[in-house]
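**Q** Handing you a structure now.
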Number of protein chains: 2
Amino acid sequence: MLNRRLLAWLLAFAALGGSPVQAEDGYELWLRYVPVADGPLLASYRQAITHVALEGDSPTLTAARHELERGLRGLLAADIPFVDRPTGAGALVVGTPAGSATVRALGLTADLEPLGPEGYLLRAATVEGRPAIVVAANTDIGALYGVFHLLRLIQTHQTLDGLSLASAPRIGLRLLNHWDNLDRTVERGYAGFSLWDWHKLPDYTSPRCTDYARANASIGINGTVLTNVNANATVLTERYLRKAAALAGVFRPYGLRVYLTARFSAPIEIGGLGTADPLDPGVRAWWRAKADEIYRLIPDFGGFLVKANSEGQPGPQDYARSHADGANMLAEALAPHGGVVMWRAFVYSHEVPDDRARQAYDEFRPLDGAFADNVLVQVKNGPIDFQPREPFHPLFGAMPSTPLMMEFQITQEYLGQGTHSVYLAPMWKEVLEADTHARGPGSTVARVVDGSLDAHALTGVAGVANTGTDRNWTGGHLHQANWHAFGRLAWDHELSPADIADEWLRMTFTNDPAFVRPVQDMMLASHQACVDYMTPLGLHHLMAVGHHYGPGPWVDAQDAGRPDWSSVYYHRADAHGLGFDRTPAGSDAVGQYHPPVRDRFASRETTPEDLLLWFHRVRWDDRLPSGRTLWEELVHRYSRGVEAVRGMQRTWAAMEGKVDAERHRDVRLFLDIQEREARWWRDASLLYWQSFHGLPIPDGFEPPEGTLDSYRNRRDLYVPGLGV
Amino acid sequence: MLNRRLLAWLLAFAALGGSPVQAEDGYELWLRYVPVADGPLLASYRQAITHVALEGDSPTLTAARHELERGLRGLLAADIPFVDRPTGAGALVVGTPAGSATVRALGLTADLEPLGPEGYLLRAATVEGRPAIVVAANTDIGALYGVFHLLRLIQTHQTLDGLSLASAPRIGLRLLNHWDNLDRTVERGYAGFSLWDWHKLPDYTSPRCTDYARANASIGINGTVLTNVNANATVLTERYLRKAAALAGVFRPYGLRVYLTARFSAPIEIGGLGTADPLDPGVRAWWRAKADEIYRLIPDFGGFLVKANSEGQPGPQDYARSHADGANMLAEALAPHGGVVMWRAFVYSHEVPDDRARQAYDEFRPLDGAFADNVLVQVKNGPIDFQPREPFHPLFGAMPSTPLMMEFQITQEYLGQGTHSVYLAPMWKEVLEADTHARGPGSTVARVVDGSLDAHALTGVAGVANTGTDRNWTGGHLHQANWHAFGRLAWDHELSPADIADEWLRMTFTNDPAFVRPVQDMMLASHQACVDYMTPLGLHHLMAVGHHYGPGPWVDAQDAGRPDWSSVYYHRADAHGLGFDRTPAGSDAVGQYHPPVRDRFASRETTPEDLLLWFHRVRWDDRLPSGRTLWEELVHRYSRGVEAVRGMQRTWAAMEGKVDAERHRDVRLFLDIQEREARWWRDASLLYWQSFHGLPIPDGFEPPEGTLDSYRNRRDLYVPGLGV
């Protein structure tokens, strides 16, 4: 029976012209629907799902149908018939009470109501007296999300017996931010070039755009900002809006809304006005007309993301107006259409501050309450800039009257870029779980972001995308895990990084526990490894200038262009010690946190060791709790990071044969690069610190391979990710 | 039997983790090995090939083995065993007399000898008393080429009964020229970005590089110039040479040698010298040492391609030396290692000439005989610059003592760029078959290039690549045909464009004659269609400035930067007429051709109508042989071109269902773009010509859609292909 069916299916596939010799190139991401290899389990799935009862043909339900066709044909190695109504045992019923008579008859309204417009139920149920599986939701998009969840259960070999679960997102806006330029370069992109082929749009949309939308929908991402925060007003011209509208049309069935970045000076650059002053009536009218035009072309347009008065971008301060003035002007234009403004808090002025870590807080906190209802302030996870480890941003918990949107960086600008395998979920989780104490204990960053702490209905989280034209989307195969984990945490920040990794590995590679367990462990330890070999003990912003590739602790104001773009500004090393004093005796950045947090960070004893040098100056020969001096601890940690990568190499080498040769080779070669670059970071950093104090490398540690000069003189050309 | 075997194979495939739901995305190019659908034919192939006897394990033979495994498993839907020696009927014997005892025993030496190092024999033979198929060659690479030929026979459903053929290339160097920059932008590239990921090299090479080499080997291409002719000396630094060496290592088993472009001023830029004078002993020593260094890293390095003293590139004329002086200096450095210099004849000086079409001839002809033995002069097919149609370049036939290498442009800089489906083989064939009369009738360009006319052993042909990171390699699926046709014509210029198209369509899409015939006809007519809607009757160089996308007949010296970069320089339209007088009464460019050709082009009556305005000025109201005036003929031809594209649309629409939906959709959308842009060319051009004479569009023709101003004022931003 199995063989006959499988044969029929395989022959059908061959007849469709499918090629039998495709290598595993990673294109399918975690939506990899290979036959369930466990015979009894396969039989149980086939018994549970003999046909699909899916009523309706909206674009979203059609997408759900296509996904089920593809997924079930692959996973169950059978062509499962699609019908409107169940025809016997084993129906998979998909739909909404409004659209499906079968779902309506199940009386799920009360259960569905709290799940909102995006949630869904998965149930093993009895339908017309026969066993069935039900995917029910209030909306078609909820049903599509439920379909992806069901497929995930099968992909990860979970039983459908007694299935009963409900799911709804904890955060409303779950967005990718693409720092993509119109010439297809990607700022901080390490996976090729932009997925948006602007030149061929709107006349041609690549099938890849559909697969992009599928991938996002499968993890619950519901919005995408197409363009770089360092914005180009051209995208707001009619010609380019039509191009964006073509993408929106491809994405729409998958619940993925399009957003754009708004260049604040667009009224001047493409509108022909003499000013972009947000209080100027002509400027306001221009933005209102522009919003009207956008919504005529893209009826479900999401809104604007804005970087203003930061790193040279224009903004309201150019006209002596506040960030709120600027944001509210755009919000006014979007409000009639239901759009939002996401105003970034990553700002710093032309004057070099005493401590850049303080700046966003100092500028934005006074504006709490001043923003329009459809404005979110988008705050990076930490106060500097996506460093390997930062304390949580003090704005979280400091603006209770303003919806604060979290901005994570999925692309690894500061964490090894295109080749280092660093699983970011533990880092994000660390931030989400951090307690701001804004309303007493338990006031976690996650509760600020999901709106539960301050009762905000408008909530959001953004991740700076790591996608590009590389066939596997993210450059490295293991980099895919970060896109996946971002979406999963955006949907439900209660999920654990371990569970997300487990699920991702099963879907992407294999369910073989001899593979999943060790590689999951490897992933979970990879972030700390990166912190150790790059910036241990709370060090930060020590990378090479410009492209940020490799170590550059020696970068000074002259190299960098301004002091707070340099490394020496942040580490403050001298003959005596190392670290940035942010206690009240120093910049008092700790004062931006609520008292319990402030006090913990203000004291060296209670500051987590992983953040020690972020908040404190420590002498080279000071003893740490380990009993090692600071210098010894640094050597220990840098070396531990390198050793951890070597452990990853060994773990991965042992996986040979458990996964396809193509992806195994790719990851292996990337780990080799990572090991070499971990040593580069370790050796260059240690030699540089040593130049301040002259202490020897303690016994038992590898001596650095090169000289300090060899590292300082190294020049890397054509590093990806700079854009143009 | 079929079913059991097929099942086993399909299951094996599934077990390998192959995904059953890969869409046809064009990645496999013409190396698409789908099961032979014709039952009796499949049976005959299976009878003819029951096992493969392939002795030896050189990298090239291993490549041949992998290709056979992949190809036969796909085409025959069976796993064919591999052995050293035949074990019964149906052996496919592959190898060389030197490496295979079985081949040696066949006594093929006399037959193989004339086929040289790259040729091969395919024979149905009797081996040890049993029927066998033999692929024999003098070298392993010849055997690999033979394997690709055999697979092609099966892909195109040709019988193996009585198989007996021999093949050897007519031209020695068959090269792709990549105009790829180190930042991965591609000058005149319309298929994404560069395939070479310089940043990750040499540590990581993508599997795609192997597939690139496979594709090239399958059509006989044996060299690739990795870098842009507008060269960057950085690629000659040790660090980048190591990167190039990594690519060379991937390509080597496939007989594909790596070449680089040499920036003439490299001794100054990366060598620290004060001069790049080719007669300076220090400069000569620097290049010798550089060549030695390159060959230490890349033992089979092919040589240098050089663009010097052209469009701002440095060159020997900067030091009052000749092109020969420059080329010979590099040749001297490469000669000990067997490398060649390919010195481009596409030059023009800082002074604007009376007729740029004359310039290469005037500069290079006097140098005939002055070049070292390992120098080829690389000449574009026509005297201007890859226009939709040009007469053959007058240098062909004018430098009998110098090997002239043909430079074709596969990428469609002037023929619709990324989206127009234009099959270029007819254009190339037209040039190859043109008779230079250099040594009397029959002195074709092909015979100049293949060395037979002037007894040159060193011969070459280059094609400017149309490949990029787009999944289907070339942007458009039909664009793949031009890469394929270039390789096939480079191997054997006697092949017909029709046969090449037939073969390519069968391999790439389907053997269904209801598809192959009409699409082949469509391809064969597509070049004339493009000429008609862009530059009919010998018009040339009328494109928009800079990116060359779309019509720009109005571009003048001020727009373009210099007169001979403008359009008006070439069309010379005024109230009276149109065209460039290149007769003796004009620039006398015709005088650069041998007398029979010169006389034919000098007379309006004997000039082919397709080249009329290239050589002659014609009054708007002059009657042409058609009975139409020049103006009427232009309207007729431009419109005919648009109509031809509409015919292509209809032809392709009728193919729905005969090929996979994915590729059908892509081609359809591209044809829609082409139809719109053909109208753009027609309308903008006609309105512009009309502005000189005010004559009406004749009855029966569509009026232009826009106004002349609307076309002139159009600005296209972010057009691909400019590089940086």
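The values are calculated or read from the model by the stated rules, or taken from the named source; none is laboratory data. Not measured: the values here are computed from a predicted model. Note that each Cβ is placed from the backbone with ideal geometry, even for glycine, and that neighbours are counted across all protein chains shown. Each accessible area value is taken on the protein alone, full model and side chains, heavy atoms only, with ligands, DNA and RNA left out. Shrake-Rupley method; radii C 1.70, N 1.55, O 1.52, S 1.80 Å.
**Q** Once the mean 1/r over all distinct Cα pairs of region A:391-495 is inverted, what Kirkwood radius in angstroms do you read off?
**A** Taking every pair of different Cα atoms in region A:391-495, averaging 1/r and inverting gives 14.5 Å.
**Q** Using the basic label-point model (7 angstrom from Cα toward the beta carbon), what is the residue A:628 to residue A:130 distance in nanometres?
**A** 6.6
**Q** Let me ask something else. Would you mind telling me the antiparallel percentage of the DSSP bridges in the protein assembly as shown, rounded to 5?
**A** 30
**Q** Still on this model: Just to be sure I understand the interface: list residues from region B:700-724 that lose 50 Å² or more of accessible area between the chain on its own and the complete protein assembly, 1.4 Å probe.
**A** In region B:700-724, residues shielded by partner chains: B:718.
**Q** If you don't mind, there's one more thing I want to ask. Taking each residue of B:412-425 in turn, how many C-beta atoms of other protein chains fall within 10 Å of its C-beta, and what is the average?
**A** 1
**Q** I'd like the residues of region B:158-204 whose 1.4 Å-probe accessible area shrinks by no less than 20 Å² going from the isolated chain to the full set of protein chains.
**A** Hits at the 20 Å² cut-off: B:182, B:183, B:184, B:193, B:199, B:200, B:203, B:204.
**Q** Take the alpha-carbon centre of region A:447-506, take the same for region B:243-284, and report the distance between them in whole Å.
**A** Cα centroid of region A:447-506 versus Cα centroid of region B:243-284: 46 Å apart.
**Q** Quick check on region B:440-556: what are the equivalent-ellipsoid semi-axes from the Cα gyration tensor, as sqrt(5λ), descending, whole Å?
**A** Each semi-axis is √(5λ); the values are 26, 25, 16 Å.
**Q** Please report, for the Cα atoms of region B:99-167, the Rg to one decimal and the Dmax as a whole number; what are they, in angstrom?
**A** Taking only Cα atoms of region B:99-167, I get Rg and Dmax of 11.5, 31 Å.
**Q** Using only protein heavy atoms and a 1.4 angstrom probe, determine the accessible area buried between B and A, summed over both sides, in Å² to the nearest 100.
**A** That pair of chains buries around 5300 Å² in total.
**Q** Using the structure shown, list the pairs from A:243/B:658; B:290/B:380; B:243/B:307 with a Cα-Cα distance above 25 Å, or answer none.
**A** The answer is A:243/B:658; B:290/B:380.
**Q** Among A:658, A:243, what's the order by accessible area (1.4 angstrom probe), most exposed first?
**A** Output order, biggest surface exposure first: A:658, A:243.
**Q** On to the next question. For region B:59-113, take the convex hull of the Cα atoms, compute a quarter of its surface area, and give me that in nm², please.
**A** The orientation-averaged projected area of the Cα hull of region B:59-113 comes to 4.5 nm².
**Q** A follow-up question, please. Accessible area per residue for region B:213-279 in Å², computed with a 1.4 Å probe and the full protein assembly in place, what is it?
**A** The answer is 24 Å² per residue.
**Q** Over all alpha-carbon pairs of the protein assembly as shown, lay out the pair-distance distribution in 20 Å bins, whole %, shortest bin first.
**A** Binned Cα distances yield the sequence 9, 33, 37, 18, 2, 0.
**Q** Please figure out what share of the DSSP beta bridges in chain A is antiparallel and state it in percent, rounded to the nearest 5.
**A** Percent antiparallel among DSSP bridges in chain A is about 30.
**Q** Taking a label point 7 Å from Cα toward Cβ, how far is residue B:604 from its twins in the other copies, in nm, shortest first?
**A** 9.6
**Q** When Rg is the radius of gyration of the Cα atoms in region A:356-408 and Rh is its Kirkwood radius, what does Rg/Rh come to?
**A** Radius of gyration relative to Kirkwood radius: 0.96.
**Q** Could you calculate, for region B:615-723, the ratio of the Cα radius of gyration to the Kirkwood radius, expressed as Rg to Rh?
**A** Radius of gyration over Kirkwood radius for region B:615-723 works out to 1.07.
**Q** Treating region B:281-392 as a set of equal point scatterers at the Cα positions, no solvent, please give the Debye-formula log₁₀ I(q)/I(0) at q = 0.10, 0.13, 0.22 Å⁻¹.
**A** -0.32, -0.53, -1.22
**Q** Which percent, to the nearest 5, of DSSP beta bridges fully inside region B:118-257 are antiparallel?
**A** For region B:118-257, the DSSP antiparallel bridge percentage is about 75.
**Q** Region A:86-204: D in µm²/s via Stokes-Einstein (Kirkwood Rh, Cα pairs, 37 °C, 0.692 mPa s)?
**A** Taking Rh from Cα pairs, D becomes 196 µm²/s.
**Q** I would also like to ask the following. With every protein chain present, what is the per residue accessible area of region B:307-438 (1.4 Å probe, Å²)?
**A** Normalised by residue count, the accessible surface of region B:307-438 is 26 Å².
**Q** Suppose we compare each residue of region A:21-47 in its chain alone and in the full protein complex with a 1.4 Å probe; which ones drop by at least 40 Å² of accessible area?
**A** The answer is A:21, A:22, A:28.
**Q** Rounded to the nearest 500, what is the 222 nm mean residue ellipticity of chain B from helices alone, with -39500 (n - 2.57) per DSSP H run of 4+ residues and division by all residues?
**A** Only helices count here, giving -11500 deg cm²/dmol.
**Q** Once a ≥ b ≥ c are taken as the square roots of the eigenvalues of the Cα gyration tensor of region B:334-448, is the result rounded (a/c under 1.5), prolate (a/b larger than b/c) or oblate (a/b not larger than b/c)?
**A** Rounded is the answer for region B:334-448, as its axis ratio a/c remains below 1.5.
**Q** Rounded, prolate or oblate: which one fits chain A, using the alpha carbon gyration tensor with axes a ≥ b ≥ c (rounded when a/c is under 1.5, else prolate when a/b beats b/c, else oblate)?
**A** Verdict is oblate for chain A.
**Q** Would you mind classifying region A:514-630 by shape? Square roots of the alpha carbon gyration tensor eigenvalues, ordered a ≥ b ≥ c; an a/c under 1.5 is rounded, otherwise it is prolate if a/b is larger than b/c and oblate if not.
**A** It comes out oblate by the Cα gyration axes.
**Q** Enter the mean number of other protein chain beta carbons within 10 Å of the beta carbon of each residue in B:467-473, as an integer.
**A** Taking all residues of B:467-473 together, the mean is 3.
**Q** Which distances, in nm and shortest first, link the residue B:575 label point to the same label point in every other copy, taking 7 Å along Cα→Cβ?
**A** 8.8
**Q** Got a number for carbon plus sulfur as a percent of region B:380-502's accessible area, 1.4 Å probe?
**A** 48
**Q** Skip the ligands, DNA and RNA, and give the accessible area per residue of region B:517-634 with a 1.4 Å probe, whole Å².
**A** 35
**Q** List the distances, in nm to one decimal, from the label point of residue B:513 to the label points of the same position in every other copy, shortest first, placing each label point 7 Å from Cα along the Cα-to-Cβ direction.
**A** Taking the point 7 Å beyond Cα along Cα→Cβ, the inter-copy spacings are 6.1 nm.
**Q** Round to a whole number: what % of the accessible area of region A:119-217 belongs to carbon and sulfur, probe 1.4 Å?
**A** Roughly 46 percent of what the probe reaches on region A:119-217 is carbon or sulfur.
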